[in-house]
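A.B. asks: Input: one structure, supplied below.
The values are calculated or read from the model by the stated rules, or taken from the named source; none is laboratory data. Since the model is a prediction, treat every value here as computed from it, not as a measurement. All Cβ positions, glycine included, derive from the backbone under ideal geometry; neighbour counts span all protein chains shown.
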Amino acid sequence: MKHEPRCSKPSPADWRAAKVTVCIAALAEGGKKIVMASDSKAAFGDFSADRGVIKNIPIGHYYAILIAGNDVGYAMPTIQRIKKVMPKDITDPDSIAMLVHEQLVITRKHKIEARLLSKLGFTVDSFMKTGKDLLTESVYYDLISEIRREELSLTFLLAGFDSAKRGHLRIVTSDDSPQDFDMLNFAAIGSGAQTALASLSFAKDHCGLYHISDMAHVTYHVLAAKFMAESATDVGRQTFFVCTGPDGECHFLNPFAGGVEPIRRIWEESGAPKPAQQAIEAARDLMHEGDEDPESAECLTRAMKYASPAKKSLIELKLKQLTSGTSMGQQ
């Protein structure tokens, strides 16, 4: 009897280890708008789904949490607790960020209890109080070591508006105090974060990306950073985009026009980094072998097309050769 091939489904453990990979937020119009973009890919074991996860979750009070990390299965329970305990009148970003941090710490404690302590009848608190007395020394210190190694791979990017309608960005984890990114005006989390931040930093230094830039200008640079981040492992092509304001208004890219895809096509044609043939030729001419003298006439002749100091050095070299030749002739 032949067995039909089965389609393996991710187990709960796989979902706990799912990777969600890039989320970006930037302030626009002097902090009156927040532009956000994230991929929707989740990778778990040998499987991945490019439309698998929405990583932008509103939590009320005109704030949202963007999610990245390997322990994505713990994200929604944590966010549900945040919604329950968050006071109705709170809008201060630092107070909300600290509340989020406290709930992530609780989630890490729950993870430690489930994986390491519950089978021995302990909670984290009871283990710290009585574990040393009830366990052998070797077992106790082995557990201490395992607890220290047990991390919560879950990072939240908190984005929202205070009572004065100013936008704020905070990155929050379980193992560090919340980080303020308001001065930088943009933030990114996930495995594609470094590439996204490099793209936005370049835009800030060279392309006129400022905190007062209008919504469309910031949208382009945020999406360009998302497109660049797709080179990172597990960052999906699908993009969730939204721009929010302090009164709850949201701006989206028209899905009937393809959402972000028209901007991607324009970026690929005219905005994406491309090899410059002139620079490639320059690299070829400016290179010399290790045993080749860079001050030789041949090297300087190749280099003088690109740098006036090389031309000056070549002229000095030829004058020196002429002078030397004249001197020898006179002798």
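A.B. asks: In the stretch 141-182, which residues are free of Cβ contacts under 8 Å to residues at least 24 places away in the same chain and either hydroxyl-bearing (S, T, Y) or closer than 13 Å to I67 by Cα (or both)?
C.D. replies: Y141, S145, I171
A.B. asks: Of all residues being among the small types (G, A, S) and over 21 Å from the mean Cα position of the chain (by Cα) in the stretch 228-271, which is farthest from F161 (Cα to Cα)? Just the residue, please.
C.D. replies: Selected residue: S270.
A.B. asks: Please work out which one of (1) closer than 28 Å to N185 by Cβ; (2) modelled with pLDDT of 90 or more; (3) not basic (K, R) is the condition T301 fails and give its number.
C.D. replies: Against the list (1) closer than 28 Å to N185 by Cβ; (2) modelled with pLDDT of 90 or more; (3) not basic (K, R), T301 comes up short only on (1).
A.B. asks: Within the bounds of the stretch 256-273, is there any residue that is touching a helix residue (DSSP H, G or I) at 6+ places or on another chain (Cβ under 9 Å), of a type in the set (V, I, T) and in contact (Cβ under 8 Å) with a residue 12 or more places away in the chain?
C.D. replies: Yes, that holds for at least one residue.
A.B. asks: Just name the residue that is nearest to S270 (Cα to Cα) out of those in the stretch 210-225 that are modelled with pLDDT of 95 or more and of a type in the set (A, V, I, L, M).
C.D. replies: Filtering the stretch 210-225 for residues that are modelled with pLDDT of 95 or more and of a type in the set (A, V, I, L, M), the one nearest to S270 (Cα to Cα) comes out as A224.
A.B. asks: Another question, then. Just need a number here: residues in the stretch 252-273 that are of a type outside the set (K, R), within 18 Å of L200 (Cβ to Cβ) and surrounded by 10 or more Cβ atoms within 10 Å (Cβ to Cβ).
C.D. replies: 5
A.B. asks: Working carefully through the options T136, T107, T130, T123, find the one that is of a type in the set (V, I, T) and touching a residue at least 60 places away in the same chain (Cβ under 8 Å).
C.D. replies: Within the list T136, T107, T130, T123, the selection yields T107.
A.B. asks: Please verify whether L314 is assigned to a helix (DSSP H, G or I) and either crowded, with 18+ Cβ neighbours inside 10 Å or touching a helix residue (DSSP H, G or I) at 6+ places or on another chain (Cβ under 7 Å) (or both), treating the condition exactly as stated.
C.D. replies: Values: assigned to a helix (DSSP H, G or I): yes; either crowded, with 18+ Cβ neighbours inside 10 Å or touching a helix residue (DSSP H, G or I) at 6+ places or on another chain (Cβ under 7 Å) (or both): yes.
Taking the combined requirement at face value, the residue satisfies it.
A.B. asks: Would you pick out the residues in the stretch 313-331 that are closer than 14 Å to D293 by Cβ and either acidic (D, E) or modelled with pLDDT of 90 or more (or both)?
C.D. replies: S313
A.B. asks: Let me ask you something else. If you check M183 against the conditions, is it within 22 Å of T244 (Cα to Cα), among the aliphatic types (A, V, I, L, M) and over 22 Å from the mean Cα position of the chain (by Cα)?
C.D. replies: no
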